[in-house]
1. Calculate one ³J(HN,Hα) per residue across the stretch 76-82 by plugging θ = phi - 60° into the Karplus curve 6.51 cos²θ - 1.76 cosθ + 1.60, and present them in order as whole Hz with x for glycine and proline.
2. List the residues, sorted by chain then number, that are 5 or more residues from residue 106 or on another chain and whose placed amide H is less than 5 Å from its amide H.
3. Could you run the Karplus curve 6.51 cos²θ - 1.76 cosθ + 1.60 with θ = phi - 60° over the stretch 22-32 and give me ³J(HN,Hα) per residue in whole Hz, x for Gly and Pro?
4. Normalised by the number of residues in the chain, what is the relative contact order in percent for Cα pairs under 8 Å and 6+ residues apart?
5. Throw me the Rg/Rh for the chain, computed over C-alpha atoms with Kirkwood Rh, two decimals.
6. To check you understand DSSP bridge types, tell me what percent of the beta bridges within the chain (both residues inside) are antiparallel, rounded to 5.
7. On a straight-distance basis, which lysines could pair with residue 96 in a cross-link, Cα separation under 19 angstrom, same-chain partners fewer than 8 positions away excluded?
8. For 146, 55, which order do you get if you count the other beta carbons within 10 Å of each Cβ and list the fewest first?
Amino acid sequence: MKPRDDVTLRLLDPAETPPTALLLLGDESETMIGKYVSNADILIAENGSVIIGVCAIAENTPTTGEIKNIAVAEDHQGRGIGMQLLQHAIMLARQKGYVTLEIATGNSGIGQLYLYQKAGFEMTGIDRNYFVENYPIPIVENGIPCKHRVRLKMDLVP
């Protein structure tokens with residue numbers, strides 16, 4: 001996919017405040033976001049000076065990174081920005097020397113599952129009742145109760 005000319009990708013400067021409203025689109029729990037955001041590389045997508053997308057990448061092990069959060073502002077979705085963020089995150093993970101990159105989403109995240117697999121991630125497992133046990137408010141997405149976490153990974157070395 002050709003990068004969009006009107007979107008700029010960059011790492012958030014450590015002095016900048018992470019875009020919480022966007023992060024909440026990708027993870028509905030401020031508590032969960034707080035657990036990873038301070039130790040993550042925060043990649044942002046901007047249109048001019050407006051942040052329209054975010055991707056948080058954290059180290060799980062010295063050889064494994066994880067995309068903890070990826071979100072695009074609702075009025076910019078469906079324009080390829082999520083794929084741009086994913087591709088840039090994959091490139092960043094390779095630069096950091098990760099051998100594997102992981103990502104997870106809810107069982108009800110139909111669009112996310114499509115996007116991640118289209119980008120080259122493969123399903124590796126399901127954590128049953130993850131969202132029921134870790135989120136205080138029930139999540140419903142696409143009319144489907146979000147109960148289980150679907151884990152995916154990508155091998156970064158040939």
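1. In residue order, the calculated couplings are 10, 6, x, 10, x, 6, x Hz.
2. Here 150 satisfy the definition.
3. 6, 4, 5, 5, x, 8, 6, 10, 4, 4, 5
4. Values: 277 pairs, mean separation 29.8, N = 158.
So the answer I get is 19 percent.
5. Details: Rg = 14.9 Å, Rh = 15.9 Å.
Taking Rh as the inverse mean 1/r over Cα pairs, Rg/Rh reads 0.94.
6. Values: 34 of 38 bridges.
So the antiparallel bridges amount to about 90 percent of the total.
7. Result set, ordered by chain and number: 68, 153.
8. Values: 146 20, 55 29.
Placing the least packed residue first, the sequence is 146, 55.
Readers should treat all values here as calculations from the given coordinates under stated rules, not as data from a laboratory. Being a predicted model, the structure only gives us computed values, none of them experimental. Here Cβ is always computed from backbone atoms with ideal geometry, including for glycine, and neighbour counts include all displayed protein chains.
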